[in-house]
Amino acid sequence: MELQVHNSTNKLAVADRVFGAAYNEPLVHQVVSAYLAGGRAGTAKQKTKGEVSGGGKKPWKQKGTGRARAGSIRSPLWRGGGKIHAAVPRDYSQKVNKKMYRGALRSIVAELARRGDLLVTESFAVAQPKTKSLLEQLKSFGARDILIVTDAVDRNLYLSARNLPSVDVIDVEAINPVALLKFEKVLMTAPAIKKLEAWLS
């Protein structure tokens, strides 16, 4: 299989196993759901009567006072007491093995290539961290909503794109299913394509 390189007559040969894979929608849905679930904080926390400070002493004797018996001023029935069925920090992560994760990425990348939403360029960089320079370069690709994937971290490119809500820059090692599906177009450099191919093969 070959991918057309932007603004060039050259074509980049890629593996059919990666860029020609069938689209597995159930697998993609499962992996995307697991990825989003893994990002949830799950930090809700309330204190039970055993965790609230104080309340170690019985407030009054058991019998003879005429009051209802009480063992602690930190009972959930009292103001300032603990919480019944208190919320505890929760782990929302779901198990997804490497084979499934890579299979989902293969499905997404192959579908992007089939639809023509995967753009390939020999290289992509800006000389200085300027948003204006980045926008001028993106005009030739005809896409306003785009994810740029490079083979290595490019600080100038990242700084140029961080003020643009419809543009994001990541390197191959940070690629994930949510980022690939979030944008209308995905622009990858040729070295990034080769790195991704080696990882997903």
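Values quoted throughout were computed directly from the atomic coordinates according to the rules given, and no laboratory measurement underlies them. This structure is a prediction, so every number in the text was calculated from the model and none was measured. Ideal geometry is used to build each Cβ from the backbone, glycine not excepted, and the neighbour counts take in all protein chains shown.
Worth pointing out:
- Taken over the Cα atoms of region 45-88, the convex hull encloses 66 Å³ per residue.
- The lysines whose alpha-carbon is closer than 20 Å to the alpha-carbon of residue 194, local same-chain residues fewer than 8 away aside, are 11, 98, 99, 185.
- Residue-by-residue Karplus 3J(HN,Hα) for region 97-106, coefficients 6.51, -1.76, 1.60, Hz, glycine and proline x: 6, 4, 5, 5, 4, 5, x, 5, 5, 4
- Proximal lysines to residue 130, defined as alpha-carbon separation beneath 21 angstrom and excluding residues fewer than eight positions away on the same chain: 139
- Positive dipole terminus of region 45-88, leading residue within 71, 86, 53 (C-beta point charges): 71
- Each distinct pair of alpha carbons in region 57-129 adds a 1/r term; the inverse of their mean, the Kirkwood radius, is 19.8 Å.
- From phi via Karplus (6.51, -1.76, 1.60), per-residue ³J(HN,Hα) for region 6-15 in Hz, x at Gly/Pro: 4, 6, 7, 8, 6, 10, 9, 6, 10, 6
- Normalised contact order of the chain, rounded percent, pairs of Cα under 8 Å and 6 or more residues apart: 24
- Between the amide H of residue 171 and those of 150, distances stay under 5 Å, these residues lying 5 or more places away or on another chain, with hydrogens modeled in the peptide plane.
- Each Lys and Arg adds +1 at its Cβ and each Asp and Glu adds -1 at its Cβ; summed about the Cα centre, region 45-88 shows a dipole of about 160 debye.
- 27 Å Cα-Cα reach of residue 57 towards lysines, excluding residues that sit fewer than 8 places from it in its own chain: 45, 47, 49, 83
- With eigenvalues of the C-alpha gyration tensor scaled by 5 and rooted, the chain, Å: 56, 21, 12
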